[in-house]
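Quick one: structure below, then a few questions.
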Amino acid sequence: MALIKVTIDGIETQVEEGTSILNAARSIGGKIVPPAMCYYSSLKGSGGKCRTCLVKVTQGSEKDPRPMPKLVASCSTNVMDGMVVENTASQDVIDARKSIVEMLLVNHPLDCPVCDQAGECSLQDLSYEHGLSTTRYEFERRKFDPIDIGDHIKLHMNRCILCYRCLMVGDQLTNEREHGIIGRGDHAEISTYLEKSVDNEFSGNVIDVCPVGALTDRTFRFKSRVWFSKPLNAHRECTTDKCSGKSVLWMSDNDVLRVTARKDQNNEVKEFICNTCRFDKKDVKDWVIEGPAHISRDSVISQNHYELPITHKYKALENTAKPQ
Amino acid sequence: MSKKLLLEHIDVPGINTYEVYRQKGGYASVEKALKSMTPETIVEEVKKSGLRGRGGAGFPAGMKWSFLAKPDGVPRHLLCNADESEPGTFKDRYLMEKIPHLLIEGMIVSSFALGANVSYIYIRGEYMWVSFILERAIAEAKANGFLGKNILGSGYDLELYVQVGGGAYICGEETALIESLEGKRGNPRMKPPFPAVKGLWQRPTVVNNVETIAAVVWILNNSGEDYAKIGIGKSTGTKLISASGNIKRQGVYEIELGLPVDEFLNSDEYCGGMANGKRLKAVVPGGSSVPILPAELFYKTANGDARLMSYESLADGGFATGSMLGSGGFVVYDEDACIVRNTWNFTRFYNHESCGQCSPCREGTGWMLKVLNKLEHGQGSMEDIDLLWDIQRRIEGNTICPLGDAAAWPVAAAIRHFREEFEWHVKNPKLCMERNYGLLESTKKFELVS
């Protein structure tokens with residue numbers, strides 16, 4: 001396929017035709033990558049909703065150099081040959097992003113101290129990087145009771161930012177989606193049919209794709225802060241169809257506190273795992289340990305203060321866990 | 001008496017039935033189009049007429065039609081947007097209720113022009129009885145050979161369906177309408193691709209307002225040039241205006257575009273002036289989404305020209321001193337009306353109708369509503385007015401569909417033109433609770449016309 005030229009924040013790169021601005025920026029990497037709360041590269045049809053990835057297009061293309069009149073969502077706008085994009089270079093974009101973060105936090109309970117997602121929460125990172133330290137919102141926030149949807153998943157609707165990612169997991173990974181969005185506007189909520197449980201072999205992936213703490217792992221609830229547990233890459237021969245068997249074990253001493261799928265540098269899961277791997281295999285002996293997981297993000301769990309000691313500490317464990 | 005193109009026979013008894021409609025020259029355009037015209041010549045006529053979309057945005061209809069992609073072997077569709085939900089607008093309902101065959105006739109010729117063999121009328125759930133009227137009209141047209149297979153022996157087939165929506169404002173946005181018609185949640189789609197390329201079931205689709213489609217009938221019966229002679233400048237033809245508020249004669253009026261607003265509001269042929277001896281305070285000229293205009297700016301543009309009922313004249317001066325023709329929901333406020341309460345009411349509507357897909361609109365409308373709640377109920381502060389201004393600024397332009405803009409504009413215009421009234425609410429918390437009334441301060445500013 002023909003390569004086309006795009007310039008983002010003054011850095012020129014070449015990408016395939018049909019690439020979104022966001023993915024072009026990701027191919028460059030670094031600070032110029034716009035944050036994304038709803039776009040998820042492995043889920044088809046995601047993106048465009050949260051508006052955190054808005055960028056300014058100052059030149060539409062080589063042929064038609066007119067700028068685009070409004071800021072555009074970089075995740076759902078494809079690059080054109082000779083397009084010039086401004087992300088952090090544009091004050092408009094910085095202002096708009098600040099507004100979006102503020103809007104996202106308007107109804108967010110900010111209960112990070114009791115939220116299991118704290119430390120690996122996209123919204124936390126986003127507001128730390130782009131948000132304000134105070135709020136101008138002085139009203140009561142919308143309130144829902146946390147409910148169990150199935151044996152393994154807890155839904156805290158209060159924390160939800162309505163990114164629609166979990167619906168796409170339901171549509172694209174499981175056999176049948178068992179939850180949906182009811183209502184509209186700021187009174188919309190994720191719900192199951194008459195509180196029926198979400199129970200499908202791949203339903204646990206909604207926990208991984210949830211950018212906030214709205215969908216959390218009941219088997220991990222309140223056990224530990226994520227940054228106190230040590231992530232280890234591991235894999236197992238999984239017999240479930242479509243399951244990659246590649247996961248991250250979050251350890252405390254010799255206990256597996258939880259199992260998640262592996263996330264890449266954009267905090268996205270590319271290879272999903274089944275519920276058996278996620279919820280039932282909580283014994284180190286079930287897994288082949290590959291080594292410490294490197295988390296290449298800016299949040300608190302990626303400070304890497306543990307990486308070296310872990311290699312050392314778990315050396316013995318690694319040997320015992322190998323299949324005989 | 002100005003020219004009536006759409007409502008000419010509206011008062012004829014029994015015009016809602018096929019027989020009477022046919023006697024009055026109905027379905028002549030179908031005969032003409034199918035027997036002596038090609039789809040291309042019809043599109044050309046509509047282009048020549050300068051007809052602009054009557055749903056609110058005012059996009060030239062002929063141009064929209066010519067954008068329709070025509071890949072081989074892929075069916076195309078025409079959708080009629082009868083999801084008329086803009087507060088202050090009720091023209092389509094009147095048209096469909098009184099003279100349903102005009103819409104059916106327009107649908108047939110428009111579908112023929114676009115090469116659509118299956119077309120839909122998407123009507124809002126609250127207009128349930130109108131959908132029955134339309135379905136009856138479709139059955140009559142079908143019985144007389146104007147719908148179905150091989151219409152009038154021309155070899156052209158058309159099936160026309162009425163689909164009733166669930167009553168959501170957002171489904172009036174064309175891509176949300178398509179989603180809803182497909183049986184999904186009515187969330188607007190990301191554009192591009194535009195419906196002209198990938199619309200209903202990923203097929204090329206044109207979505208037009210009821211009034212736009214009805215206007216095509218007259219254009220074909222006469223000619224595009226004749227239509228372009230009516231009106232003023234780029235605002236050609238006639239427009240249905242739904243007039244409401246404290247005026248002597250509320251209702252739906254067909255006006256020739258370019259009519260002076262003064263004549264429309266005060267002549268006995270149209271609104272008949274203000275009722276009960278009240279004075280004019282403000283006008284929303286095109287449905288709740290468009291900026292409100294205070295009396296002085298309503299009658300005269302910032303340049304001092306008399307304002308006309310046309311797309312250009314009402315938009316003169318941009319949003320600073322102008323507004324929009326929009327969908328023609330003409331709402332008149334007299335001196336007793338409270339602009340703060342009105343803004344609160346509009347915002348309540350947009351908060352309720354936001355689809356909740358993208359964050360600025362979902363959270364921003366709720367936030368604006370809460371701030372306006374405070375101001376309206378005498379608990380606001382001066383900072384709240386600035387905050388409100390800031391919130392609307394952050395919604396506008398950052399959303400997927402125009403609903404975000406539509407929610408932001410009325411708030412912006414109310415603060416821009418009636419800031420004193422908001423301040424009056426802050427300064428007089430008790431008085432503003434006792435009576436909905438921001439008049440004391442704000443009337444002094446404007447030279448009100450009696």
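Among what's in segment B:376-390 and is surrounded by fewer than 24 Cβ atoms within 10 Å (Cβ to Cβ) and of a type in the set (A, V, I, L, M, F, W, C), pick the residue that is nearest to the other protein chains (Cβ to nearest Cβ).
B:LEU387
May I ask you to say which residue of B:ASP405, B:ASP384, B:ASP334 is in contact (Cβ under 8 Å) with a residue 40 or more places away in the chain, within 24 Å of B:GLN250 (Cβ to Cβ) and not aromatic (Phe, Trp, Tyr)?
Answer to the check: B:ASP334.
Of all residues in segment B:37-51, which are assigned to a helix (DSSP H, G or I) and touching a residue at least 40 places away in the same chain (Cβ under 8 Å)?
Residues satisfying the conditions are B:PRO39, B:ILE42, B:VAL43, B:GLU44, B:GLU45, B:VAL46, B:LYS47, B:LYS48, B:SER49.
Which residues, taken from segment B:186-232, are assigned to a helix (DSSP H, G or I), more than 25 Å from A:VAL79 (Cα to Cα) and polar (S, T, N, Q)?
Passing the criteria: B:THR212, B:ASN221.
Now, a different point. A:THR58 is checked against (1) farther than 26 Å from A:GLY185 by Cβ; (2) surrounded by 17 or more Cβ atoms within 10 Å (Cβ to Cβ); (3) in contact with a Pro (Cβ under 8 Å, 6 or more places away or on another chain) and fails just one. What number does that condition carry?
(2)
A follow-up question, please. Among (1) at the interface with another protein chain (Cβ under 9 Å from one of its Cβ atoms); (2) open to solvent by less than 30 Å² (accessible area, probe 1.4 Å); (3) part of a loop (DSSP other than H, G, I, E, B), where does A:GLY119 come up short?
For A:GLY119, the failing item is (1).
Could you list, in sequence order, the residues of segment B:1-54 that are of a type in the set (Lys, Arg) and in contact with a strand residue (DSSP E or B) (Cβ under 8 Å, 6 or more places away or on another chain)?
Result: B:LYS3, B:LYS4, B:LYS47, B:ARG52, B:ARG54.
Is at least one residue of segment B:122-131 touching a strand residue (DSSP E or B) at 6+ places or on another chain (Cβ under 8 Å), in the same structural domain as B:LEU177 (by TED's automatic domain parsing), among the β-branched types (Val, Ile, Thr) and not in a helix (DSSP H, G or I)?
Checked against the condition, which is being touching a strand residue (DSSP E or B) at 6+ places or on another chain (Cβ under 8 Å), in the same structural domain as B:LEU177 (by TED's automatic domain parsing), among the β-branched types (Val, Ile, Thr) and not in a helix (DSSP H, G or I), segment B:122-131 yields at least one hit.
Can you find, within segment A:249-283, the residue that is nearest to A:SER41 (Cα to Cα) among those that are open to solvent by 10 Å² or more (accessible area, probe 1.4 Å) and of a type in the set (A, V, I, L, M, F, W, C)?
Top of the filtered list is A:PHE272.
Which condition number in (1) touching a residue at least 12 places away in the same chain (Cβ under 8 Å); (2) farther than 20 Å from A:GLY47 by Cα is the one that A:CYS163 fails?
Among (1) touching a residue at least 12 places away in the same chain (Cβ under 8 Å); (2) farther than 20 Å from A:GLY47 by Cα, the lone unmet condition for A:CYS163 is (2).
Filter segment A:23-47 down to the residues that are open to solvent by less than 20 Å² (accessible area, probe 1.4 Å) and more than 15 Å from the chain's Cα centre (by Cα), then identify the one that is farthest from A:GLY213 (Cα to Cα).
Step by step, filter segment A:23-47, then rank; the result is A:ALA24.
Taking A:SER99 and the conditions (1) within 12 Å of another protein chain (Cβ to nearest Cβ); (2) touching a helix residue (DSSP H, G or I) at 6+ places or on another chain (Cβ under 9 Å); (3) farther than 28 Å from A:CYS243 by Cβ; (4) surrounded by fewer than 17 Cβ atoms within 10 Å (Cβ to Cβ), which numbered condition does it fall short on, given that it satisfies the others?
(4)
So which residues in segment B:131-146 are out of contact with any Pro (no Cβ under 8 Å at 6 or more places or on another chain), surrounded by 14 or more Cβ atoms within 10 Å (Cβ to Cβ) and under 13 Å from B:VAL162 (Cβ atoms), if there are any at all?
Within segment B:131-146, B:SER131, B:GLU135, B:ILE138, B:ALA141, B:LYS142 meet the criteria.
Here's a follow-up. Run down A:LEU215, A:LEU162, A:LEU232, A:LEU126 and say which single residue is crowded, with 21+ Cβ neighbours inside 10 Å and over 20 Å from B:GLN357 (Cα atoms).
It is A:LEU232.
Can you pull out the residues in segment A:33-57 that are at pLDDT below 90 and at positive phi?
Residues satisfying the conditions are A:GLY45, A:GLY47, A:GLY48.
Answer yes or no: is there a residue in segment A:38-54 that is part of a loop (DSSP other than H, G, I, E, B), within 14 Å of another protein chain (Cβ to nearest Cβ), more than 25 Å from A:VAL169 (Cα to Cα) and in contact with a Gly (Cβ under 6 Å, 6 or more places away or on another chain).
Within segment A:38-54, not a single residue is part of a loop (DSSP other than H, G, I, E, B), within 14 Å of another protein chain (Cβ to nearest Cβ), more than 25 Å from A:VAL169 (Cα to Cα) and in contact with a Gly (Cβ under 6 Å, 6 or more places away or on another chain).
Here's another thing I want to ask about it. What's the number of the only condition in (1) touching a residue at least 60 places away in the same chain (Cβ under 8 Å); (2) of a type in the set (S, T, N, Q); (3) more than 20 Å from B:GLY326 (Cβ to Cβ); (4) surrounded by fewer than 24 Cβ atoms within 10 Å (Cβ to Cβ) that B:SER110 fails to meet?
(4)
Can you pull out every residue in segment B:333-356 that is within 17 Å of B:GLU173 (Cβ to Cβ), open to solvent by 10 Å² or more (accessible area, probe 1.4 Å) and either at the interface with another protein chain (Cβ under 9 Å from one of its Cβ atoms) or charged (D, E, K, R) (or both)?
Across segment B:333-356, the qualifying residues are B:ASN351, B:HIS352, B:GLU353, B:CYS355.
Which condition number in (1) assigned by TED's automatic domain parsing to the domain that holds B:LEU259; (2) surrounded by fewer than 22 Cβ atoms within 10 Å (Cβ to Cβ) is the one that B:PRO402 fails?
B:PRO402 satisfies every listed condition except (1).
Which of the residues spanning segment B:180-194 are away from chain A (no Cβ under 13 Å) and touching a residue at least 40 places away in the same chain (Cβ under 8 Å)?
Those that are away from chain A (no Cβ under 13 Å) and touching a residue at least 40 places away in the same chain (Cβ under 8 Å): B:LEU181, B:PHE194.
Determine, yes or no, whether B:SER289 is over 19 Å from B:ILE395 (Cβ atoms), modelled with pLDDT of 90 or more and of a type in the set (S, T, N, Q).
no
Could you pull out every one of the strands (runs of 3 or more DSSP E) wholly within segment A:152-259 that has 3 or more residues that are within 14 Å of chain B (Cβ to nearest Cβ)?
A:179-182, A:189-192
Any residue in segment B:8-36 that's assigned by TED's automatic domain parsing to the domain that holds B:LEU102 and in contact (Cβ under 8 Å) with a residue 24 or more places away in the chain: show its pairings with residues that are surrounded by fewer than 16 Cβ atoms within 10 Å (Cβ to Cβ) and of a type in the set (Ser, Thr, Tyr) at Cβ separation under 6 Å, as long as the two are six or more apart or on different chains.
Going by the 6 Å Cβ cut-off, the qualifying pairs are B:LEU34/B:SER154.
When you scan segment B:416-450, how many residues do you find that are of a type in the set (A, V, I, L, M), outside any helix (DSSP H, G or I) and either modelled with pLDDT of 75 or more or open to solvent by less than 50 Å² (accessible area, probe 1.4 Å) (or both)?
1
Would you point out the residue of segment B:147-179, among those that are free of Cβ contacts under 8 Å to residues at least 40 places away in the same chain and either under 28 Å from the mean Cα position of the chain (by Cα) or in a helix (DSSP H, G or I) (or both), that is surrounded by the fewest Cβ atoms within 10 Å (Cβ to Cβ)?
The qualifying residue surrounded by the fewest Cβ atoms within 10 Å (Cβ to Cβ) is B:GLY153.
Residues in segment B:65-73: is at least one assigned to a helix (DSSP H, G or I), in the same structural domain as B:SER110 (by TED's automatic domain parsing) and within 27 Å of the chain's Cα centre (by Cα)?
Checking segment B:65-73: at least one residue is assigned to a helix (DSSP H, G or I), in the same structural domain as B:SER110 (by TED's automatic domain parsing) and within 27 Å of the chain's Cα centre (by Cα).
The values are calculated or read from the model by the stated rules, or taken from the named source; none is laboratory data. On a predicted model such as this, the values are computed, not experimentally measured, just so you know. Glycine also receives a Cβ, built like all others from the backbone with ideal geometry; neighbour counts cover every protein chain displayed. Quick note on the areas: whole protein, heavy atoms, side chains included, nothing else; ligands and nucleic acids left out. Shrake-Rupley method; radii C 1.70, N 1.55, O 1.52, S 1.80 Å.
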